[in-house]
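Q: Before we start, here is the structure in question, set down as structure tokens.
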């Protein structure tokens, strides 16, 4: 199969990968220059894509397509990123811009949607691809700086009427709780994310990595930290429970940097809380799995979607 | 079109209707004899179906099919009601039993699923049938003794992997709250249903009808009652918000006896709470509508599903 390029564009870092057959062949990682504005970031993406190719012996015209995962809302029909607050993008026609810079077909997708597709195509959810004759429902909960979610039914992403379905981080799971980035209170994200833990510890945003949290816990950690982490596990369990109650998925994959660093440790508590808060039948029939692909879930999913879209052009 | 029979089987009452072209032509309503056991109820259903025909000049063999809506979990492949606690049914092969009693094809469906289909085929959701080329997501929240829910995508019910998707009454919306019938705390049903209000007022279950609650409110009502009703509206808004955040539907229909009696009065408060708790974009793109069919939503949906299934036999 012809190789693809895949970009995982975040508010702090930008990763461009050369991908073939569901494997990352090379990877370039830089700090996102949000200060350069939408077009500046597009230029940066194009430069990283070229760099990911260097050393591969491939030129851009040897690439089938470029999949770009963005932390925001994508309108596929017009190739527009409707909003991506962390990038400062609003109604940015990213597809056309990137296609003109790269000269290859570009496919945009929301990053957590891409992550779910990556796990489905090559990771933890792969076993649920082959279930014939049923519309298999699957879900993803990606926990990092924030909490993102995605839903799939019968192999297709469930995007909802406005493209915002699966915003699992903003389901309300508590009456009050700390204020969320979205301005409301009681969202899952405000109680169970890396930033929720930073906030509970009075740290500045971005100061505490998930890996650092894991290290601190290894050295026993402070009471405050343990309390915040255990609160996160509790509410992630409530989140899983509500997904199970509402969508009754065959499996839920837990990914993102926070789960990568702490997933093994937190899974028993998450499941305990999920059991406490969901219908026995729904949860019994649902596998709750950690990501198998880690950071590669998003770019591999973006590449998979880009390859799949070529057939539809 | 050949007429159909439709049954709305509840834990307290049983309604059998003769239906043609989305209209109820006759209706028989009796108290469900749960004490007679599963087969006894089946016999009662068959008797009511025959009574619904009397006076129509039709015999059973003039009926295309019988749609039966049950308050429980249906396994379509085997025609089994897996569980329906209010009926005392467990793993009851209701389809075969009823087909042998009636001599006509019988189609089972969960009652709230049937209600959503009824509103979609003939009621408030009908305008969203005709949206071409899109997988239109729709949702129903039926509030009565309990709270039931259902989801639809592209004209098909979303039943989930185990058939229990859309159990919106059991999403957790509060940290504590009164105990729910399911044994857990904080479920929407335990905070926003007729029984939740009875419980808040210290009344015995079944003592306060939704119509009576409306009457009492017309006469100003007690402070306790007003508080319980306003709590219900608040949490129904949280429920709508979470449905919007997770499923991003084009429309949500609010039905059931409680909404029939109090919907007009409560809708502004429900919407206020929904706005407070959901993403602006998702809610802006979602119509929240009261049921247009009232009690007929469930039998009309059951009849519609029965007619549709004939093509698939």
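Q: Sort the following peptides by mean Cβ neighbour count (other Cβ atoms within 10 Å, averaged over residues), highest first: B:180-190, B:11-21. Working shown, then result.
A: Details: B:180-190: 21.5, B:11-21: 19.5.
Sorting B:180-190, B:11-21 by mean packing, highest first, produces B:180-190, B:11-21.
Q: Would you mind ranking A:259, A:1 so that the residue whose beta carbon has the fewest other beta carbons within 10 Å leads the list? If you can, show how the numbers build up before the last one.
A: Details: A:259 23, A:1 9.
Least crowded to most crowded, the residues run A:1, A:259.
Q: Let me ask something else. Cut-off 10 angstrom, C-alpha nodes, Gaussian network model of chain A. Which of A:215, A:95, A:83 fluctuates the most?
A: A:215
Q: Rounded to two decimals, what is the ratio between the C-alpha radius of gyration of the stretch A:4-110 and 2.2 N^0.38 Å?
A: Working: Rg = 12.7 Å, N = 107, 2.2 N^0.38 = 13.0 Å.
Dividing the Cα radius of gyration by 2.2 N^0.38 Å gives 0.98.
Q: Next question. Assuming 0.36 nm per residue, please report the length gained on full extension of the stretch residue A:204 to residue A:13 beyond their Cα-Cα distance. If you can, show how the numbers build up before the last one.
A: Numbers: separation 191, 0.36 × 191 = 68.76 nm, distance 1.83 nm.
Between residue A:204 and residue A:13, full extension yields an extra 66.9 nm.
Q: Can I ask one more? Compute the angle between helix B:37-53 and the longest alpha-carbon principal axis of chain B, please, reported from 0 to 90 degrees and rounded to the nearest 10.
A: 70
Q: Next up: Give the average, rounded to an integer, of partner chain Cβ atoms located within 10 angstrom of each Cβ in B:281-293.
A: Details: counts 7, 8, 1, 1, 5, 3, 0, 0, 0, 0, 0, 0, 0.
Counting Cβ atoms of other protein chains within 10 Å of each residue's Cβ and averaging gives 2.
Q: Which shape class, rounded, prolate or oblate, goes with the stretch B:213-301 when its Cα gyration tensor gives a ≥ b ≥ c as root eigenvalues, a/c under 1.5 marks rounded, and past that a/b bigger than b/c marks prolate?
A: Numbers: a/c = 2.72, a/b = 1.27, b/c = 2.14.
Note, shape of the stretch B:213-301 comes out oblate.
Q: Next question. Which of B:75, B:175, B:109 ends up with the largest GNM mean-square fluctuation for chain B, with Cα atoms connected below 10 Å?
A: Ranking B:75, B:175, B:109 by mean-square fluctuation puts B:175 first.
Q: Take A:116, A:153, A:310 and order them by how many other Cβ atoms sit within 10 Å, fewest up front. Don't jump to the answer; show the numbers that get you there.
A: Working: A:116 33, A:153 21, A:310 13.
Listed from fewest to most nearby Cβ atoms, that is A:310, A:153, A:116.
Q: So how far apart, in nm, are the two label points at residue B:230 and residue A:276 if each is 7 Å from Cα heading toward Cβ?
A: Taking the simple label geometry, residue B:230 and residue A:276 are separated by 3.1 nm.
Q: Ok, one more. Averaged over its residues, how many other protein chain Cβ atoms are within 10 Å of peptide A:270-280's Cβ atoms? Let's see the in-between values first.
A: Values: counts 0, 0, 0, 0, 0, 0, 3, 7, 6, 7, 2.
Across A:270-280, the average partner-chain Cβ count within 10 Å equals 2.
Q: Considering the zone a paramagnetic label at residue A:216 would reach in this model (a point 7 Å from Cα along the Cα-to-Cβ line), which residues of the stretch A:181-207 have amide N under 14 Å from it?
A: Answer for the stretch A:181-207: A:193-207.
Q: Just to confirm the numbers: residue A:311, label point 7 angstrom along the Cα-Cβ line, distances to the other copies in nm, shortest first?
A: Copy-to-copy label distances for residue A:311: 2.6 nm.
Q: With bins 5 Å wide starting at 0, give me the P(r) of the stretch B:145-232 over every alpha carbon pair, in whole percents.
A: All Cα pairs considered, the percentages come to 3, 14, 21, 20, 15, 12, 8, 5, 2, 0.
Q: Quick check: from the Cα gyration tensor, does the stretch A:24-80 come out rounded (a/c under 1.5), prolate or oblate? Each step should come with its number before you reach the end.
A: Details: a/c = 2.15, a/b = 1.38, b/c = 1.56.
Oblate shape, in that a/c is at least 1.5 and b/c is the bigger or equal ratio.
Q: Would you mind checking the tilt of helix A:257-277 against the longest principal axis of the Cα atoms of chain A, expressed as 0 to 90 degrees and rounded to 10?
A: It works out to around 50 degrees.
Q: If each of residue B:310 and residue A:265 carries a label point 7 Å out from its Cα toward its Cβ, how far apart are those two points in nm?
A: The answer from the label model is 6.3 nm.
Q: Could you line up A:111, B:218 from fewest to most neighbouring Cβ atoms inside 10 Å?
A: On the way: A:111 27, B:218 9.
Placing the least packed residue first, the sequence is B:218, A:111.
Q: Could I have the simple spin-label model distance between residue A:26 and residue B:56, label points 7 Å from Cα toward Cβ, reported in nm to one decimal?
A: 7.3
Q: Can you tell which of B:64, B:114, B:192 shows the greatest fluctuation in a Gaussian network model of chain B with Cα springs below 10 Å?
A: Among B:64, B:114, B:192, the largest GNM mean-square fluctuation belongs to B:64.
Q: Summing -39500 (n - 2.57) over the DSSP H runs of n ≥ 4 in the protein assembly as shown and dividing by its residue number, what mean residue ellipticity at 222 nm do you reach, to the nearest 500 deg cm²/dmol? Could you put the intermediate results ahead of the total?
A: Details: 20 runs with 246 residues, N = 626.
So the helix-based figure for the protein assembly as shown works out to -12500 deg cm²/dmol.
Q: A further question on this structure: For peptide A:238-245, how many partner chain Cβ atoms fall within 10 Å of a residue's Cβ, on average?
A: Details: counts 4, 1, 0, 4, 7, 2, 8, 14.
Taking the mean over all residues of the peptide, I get 5.
Q: Okay, moving on. Please report, for residue A:129, the nm distances (one decimal) from its label point, 7 Å out from Cα along the beta-carbon direction, to the equivalent points in the remaining copies, shortest first.
A: With the label placed 7 Å along Cα→Cβ, residue A:129 yields 3.9 nm.
Q: Any chance you could give the angle, 0 to 90 degrees and rounded to 10, that helix A:111-122 forms with the longest Cα principal axis of chain A?
A: 90
Q: State, to one decimal in nm and shortest first, how far the label point of residue B:31 sits from each corresponding label point in the other identical copies (label point: 7 angstrom along Cα-to-Cβ).
A: 7.7
Q: Let me ask something additional. In square nanometres and to one decimal, what's the mean projected area of the convex hull around the Cα atoms of the protein assembly as shown?
A: Numbers: hull surface 116.1 nm².
The Cα convex hull of the protein assembly as shown, projected and averaged over all directions, gives 29.0 nm².
Just so you know, all these numbers are worked out from the coordinates, no wet-lab data involved. These numbers were taken from a predicted model, which means no experiment stands behind them. Note that we place each Cβ from the backbone using ideal geometry, even for glycine, and neighbour counts take in every protein chain shown.
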